[in-house]
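Report on one structure; see the data block that follows.
The values are calculated or read from the model by the stated rules, or taken from the named source; none is laboratory data. It should be emphasised that the depicted structure is a prediction, and the values quoted were computed from it without experimental measurement. Virtual Cβ from ideal backbone geometry, glycine too; neighbours counted across all protein chains shown.
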Amino acid sequence: MPHPENFAKGLSIGIIMDGNGRWAKKQGLPRTAGHKKGAEVFQDITRYCNELGVESVTFYAFSTENWKRPYEEVGAIMRLFGEYLIKAFDYQKENNRVVFLGERSALEPKHQKLMDEIETKTAHNTGMTLNIAVNYGGRQEIVHAAQQLARQVQEGALAPEDITEALMSQHMYTHGQKDPDFILRPSGEKRLSNFMLWQAAYSELVEMDVLWPDFTRNDLDLAIEEFNRRSRRFGGI
Ligand code: FPP
């Protein structure tokens with residue numbers, strides 16, 4: 001069904017790409033095949049968000065907890081991430097501003113270098129903001145912000161009572177960005193799994209019964225329609 005022209009304009013969306021492993025198992029394929037297909041879907045949904053006029057979209061690609069997975073699987077996800085960094089995106093053409101969320105010092109130096117370059121090159125793009133969370137944890141992000149502010153207090157540059165919610169927000173990886181309007185989790189799970197804990201305070205949660213590798217543009221339409229039906233009160237009435 002055609003949707004109204006502006007139905008996704010200005011939205012901020014968080015996406016937990018879940019279900020890659022189960023998808024692969026269902027097809028009798030190794031888990032890494034699920035991640036491969038998941039990465040293709042990531043790329044297509046990014047393009048679609050851009051076309052829809054979405055303001056920012058954040059993809060959860062690798063969590064601080066994902067290191068616990070088998071060595072081969074971690075290696076395969078990181079290789080895919082590297083591949084998509086190098087060739088699959090023409091960030092300039094699409095006018096996206098790309099930001100990486102997470103602690104990147106644990107990643108391969110060549111990936112870190114590319115991430116820095118991509119962020120610098122796209123910093124002044126005026127289109128959608130594409131956040132990619134890699135070695136990201138919501139708690140880790142809050143600890144990181146607390147450490148930065150504690151350092152300023154220690155140096156005498158800041159008083160403890162000057163630490164406000166707004167100041168904390170400025171020290172998150174997403175500083176300057178709008179909090180997500182909704183967080184989408186496919187694959188039927190109903191957890192945040194340490195994703196955008198600070199930013200999700202008032203986000204709507206939309207969960208869907210489709211595995212991420214099967215996720216389509218039409219599924220995103222359905223998620224946005226679901227969000228648009230919700231009435232948000234931000235603690236008011
Ligand atoms: C969750 O599914 C998915 C991941 C932990 C990895 C997501 C990574 C990619 C899609 C590829 C690399 C990223 C980019 C940005 C190119 P799961 O494995 O937990 O699925 P399951 O719950 O069915 O086992």
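Within segment 1-53, take every residue that is within 9 Å of the ligand (Cβ to nearest atom) and more than 18 Å from the chain's Cα centre (by Cα) and give me the one that is surrounded by the fewest Cβ atoms within 10 Å (Cβ to Cβ). So the residue we want is Lys25. Scanning segment 123-147 for residues that are surrounded by 14 or more Cβ atoms within 10 Å (Cβ to Cβ) and over 21 Å from Ala39 (Cα atoms) yields Asn125, Gly127, Gly138, Gln140, Glu141, Ile142, His144, Ala145. Considering segment 79-96, and only residues there that are buried (at least 18 other Cβ atoms within 10 Å of the Cβ) and touching a His at 6+ places or on another chain (Cβ under 8 Å), the residue that is modelled with the lowest pLDDT turns out to be Leu85.
Restricted to helices (runs of 4 or more DSSP H) entirely inside segment 100-172, those with at least 1 residues that are among the acidic types (Asp, Glu) and out of contact with any strand residue (DSSP E or B) (no Cβ under 8 Å at 6 or more places or on another chain) are 109-122, 165-170. Within segment 57-82, the set of residues being assigned to a strand (DSSP E or B) and closer than 18 Å to Asp44 by Cα comprises Val57, Thr58, Phe59, Tyr60, Ala61.
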